[in-house]
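Just so you know, all these numbers are worked out from the coordinates, no wet-lab data involved. Given the structure is predicted, the values throughout are model-derived calculations rather than measurements. Virtual Cβ from ideal backbone geometry, glycine too; neighbours counted across all protein chains shown.
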Amino acid sequence: MKTTAQTQFGDFQTPIDLACQVTQFLIANGVSPTAVIEPTCGVGNFLVASIRTFGGGIPYHGFDINPEHIDIARDALAGQEGGCYELTCENFYDKDRTAFFRSLPEGLLIVGNPPWVTNATLGSIRSDNLPKKCNFQGHRGFAAKTGRANFDISEWMLIKLLESLRGRQATLAMLCKTATARRVLRHAWNHGFDVGEASLHGMDAKQSFGVSVDACLFVAHTGGEGHRQTAHAYADFRFTDPVATFGVYRDELIADIDLFRSVEDIDGVAYRKWRSGVKHDAAKVMEFKPDGNAWVNGFGERHCLESTCLFPLLKSSDLANDRLQPSKYVLLTQRQVTDDTSCIGLNAPRTWRYLLTHGDALDRRRSSIYARRPRFAVFGVGPYTFSPWKVAISGLYKTPVFRVIGSVNGVPIVLDDTCYFIPCETREEAVFFCSMLNSDIAKTFIRSLVFFDAKRPITIDVLKRIDLKKLAARMNLGAKAASYLTDVVFEAGQQPFLTFEK
Ligand SMILES: C[S@@+](CC[C@H](N)C(=O)[O-])C[C@H]1O[C@@H](n2cnc3c(N)ncnc32)[C@H](O)[C@@H]1O
């Protein structure tokens with residue numbers, strides 16, 4: 001079990017064997033440092049591994065916020081032959097690293113494993129182990145609220161390290177989450193840091209740290225000639241057979257640039273608007289299984305509710321496993337986000353009483369999206385939620401599969417907020433789009449853009465880039481597609497393509 005202190009400081013000490021594998025990998029690939037720095041050195045395994053690998057003729061500098069770690073590191077280094085080292089108990093956020101790096105010769109190696117903790121986790125345990133400006137990526141409003149502004153503090157540290165290395169010849173080699181490494185590189189590329197060759201090398205975080213996350217050794221060289229905007233991802237600590245080359249291509253971060261180039265002709269605008277499913281939370285209150293004339297909620301309570309607000313529900317796992325006959329129903333209190341929920345008292349009085357009885361649980365829903373909205377409100381509802389047909393995909397699974405979703409006894413099936421869909425008016429239309437989206441070319445396009453280690457790999461941002469007109473043309477289905485894609489009435493509103501077409 002992790003202690004609060006361990007959580008707060010993202011404290012996962014690197015096993016010495018893994019630290020040695022990293023330093024051996026670096027020396028085997030030409031890294032021959034003039035000095036080694038471990039910015040959050042913990043008990044010092046990376047410093048020990050570095051001295052063993054690079055020898056005693058160069059200085060070694062270790063820093064950590066935890067004085068006990070520094071004491072242990074000091075003992076560990078004292079046992080190494082010849083190393084000239086300096087260990088300092090210091091908070092990462094307090095250091096002027098630019099000046100420090102300038103005081104050292106060119107050819108530095110910055111190695112280690114920065115803390116594995118997100119700002120959200122730190123917020124939840126009221127820790128102040130955070131940089132002063134947390135929202136450094138500049139997310140505002142909804143993005144900040146919905147977690148796009150959530151980041152690993154290692155992301156912030158790695159960016160600061162690369163920033164301080166501008167104009168300095170150095171190698172940064174750090175263990176971190178794969179998503180963190182990518183975000184750091186994207187930041188570096190977008191902000192013109194002088195990062196040259198960079199690579200990600202997969203590792204087994206479960207085996208080394210007991211955590212199930214996609215992690216890697218992130219290596220980046222700075223201060224060399226020529227900046228790049230691509231990096232290779234490898235399965236392990238080798239430079240053979242890259243799994244993918246990702247990078248910035250026409251201002252966008254692309255997961256596999258070569259794959260993308262093979263299908264980029266279908267990159268375009270969203271002729272149909274992609275929608276998310278509904279968000280309701282408090283699933284035990286809002287979800288039911290039908291039982292004769294009654295409805296059984298997640299607490300096992302039977303209630304005789306009007307069917308007015310109950311809709312068959314499918315979730316990501318249902319879509320992914322082709323379970324398209326809903327076994328659950330969801331209580332939707334609104335047809336649009338602006339609806340006044342108290343009308344339910346008139347139209348469906350038993351449902352209203354049920355909501356009042358379970359009001360406490362619903363009032364406790366934590367997401368700030370419910371704040372200043374009618375009591376019992378849901379989120380992500382609109383006319384599209386109730387379209388009779390949909391082409392839907394789960395945002396959570398690694399295999400992109402689109403499904404045709406219809407209705408049950410005339411009641412439209414709705415999806416939860418882990419799914420995305422295009423609303424359709426007829427089955428024929430949904431089947432048509434579904435077959436196009438399940439084509440090899442569309443799936444290749446998605447695979448080229450999507451980082452499958454992300455928690456929610458498939459996003460609306462990816463889906464809306466599939467240009468259905470161009471896809472149809474490539475599949476010789478242009479004429480049929482035109483009949484559906486000129487019909488903007490069903491999708492009236494502020495569609496992105498209208499802006500693009502302007
Ligand atoms: C993931 S551990 C890795 C330790 C060491 N680098 C290794 O590879 O074994 C992260 C380390 O960061 C240290 N740390 C956390 N927050 C820090 C901060 N604000 N300043 C300096 N060190 C910090 C922790 O004490 C911990 O030793």
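Just a few scattered comments:
- Modelled label reach - residue 301, point 7 Å along Cα→Cβ, the range 336-379 residues with backbone N closer than 13 Å: 351-363
- The DSSP beta bridges internal to the chain are antiparallel in roughly 70% of cases.
- Separation in nanometres of the label points that stand 7 Å from Cα toward Cβ, at residue 425 and residue 265: 3.1
- Gyration tensor verdict on the range 340-454 (Cα atoms; rounded if a/c is under 1.5, prolate if a/b is larger than b/c, oblate otherwise): oblate
- Chain lengthening between residue 293 and residue 473 when straightened (0.36 nm per residue, less Cα-Cα): 59.9 nm
- Amide proton proximity set for residue 278, modelled H, under 5 Å, gap of 5+: 415, 416, 417
- Axis angle, to the nearest 10 degrees, between helix 153-164 and the longest C-alpha principal axis of the chain: 50 degrees.
- Nearest 10 degrees, 0 to 90: helix 45-54 Cα axis against the chain principal axis: 50
- Proximity of backbone amide H atoms, modeled 1.01 Å from N, is registered between residue 407 and 413 at under 5 Å, excluding neighbours fewer than 5 places apart on the same chain.
- Rounded, prolate or oblate (a/c below 1.5 giving rounded, otherwise prolate when a/b exceeds b/c) for the chain by Cα gyration tensor: prolate
- FRET efficiency, 1/(1 + (r/R0)^6) with R0 45 Å, evaluated for residue 169 and residue 360 via beta carbons: 0.15
- Rounded, prolate or oblate (a/c below 1.5 giving rounded, otherwise prolate when a/b exceeds b/c) for the range 156-271 by Cα gyration tensor: oblate
- In the chain, helices alone account for a calculated mean residue ellipticity at 222 nm of -8500 deg cm²/dmol, with every DSSP H run of four or more residues adding -39,500 (n - 2.57).
- FRET efficiency, 1/(1 + (r/R0)^6) with R0 25 Å, evaluated for residue 4 and residue 71 via beta carbons: 0.75
- Over 32 Å between alpha carbons, listed pairs 95/398; 160/273; 284/469; 315/469; 160/469: 95/398; 160/273; 284/469; 160/469
- Principal-axis analysis of the Cα atoms of the chain puts helix 67-78 at an angle of about 40° to the longest axis.
- If you plug the beta carbon distance of residue 89 and residue 399 into 1/(1 + (r/R0)^6) with R0 = 41 Å, you get a FRET efficiency near 0.30.
- In plain terms, the chain from residue 327 to residue 81 could stretch by 81.9 nm, reckoned as 0.36 nm per residue minus the Cα-Cα distance.
- Among beta bridges identified by DSSP and lying wholly in the range 4-233, the antiparallel ones come to about 45 percent.
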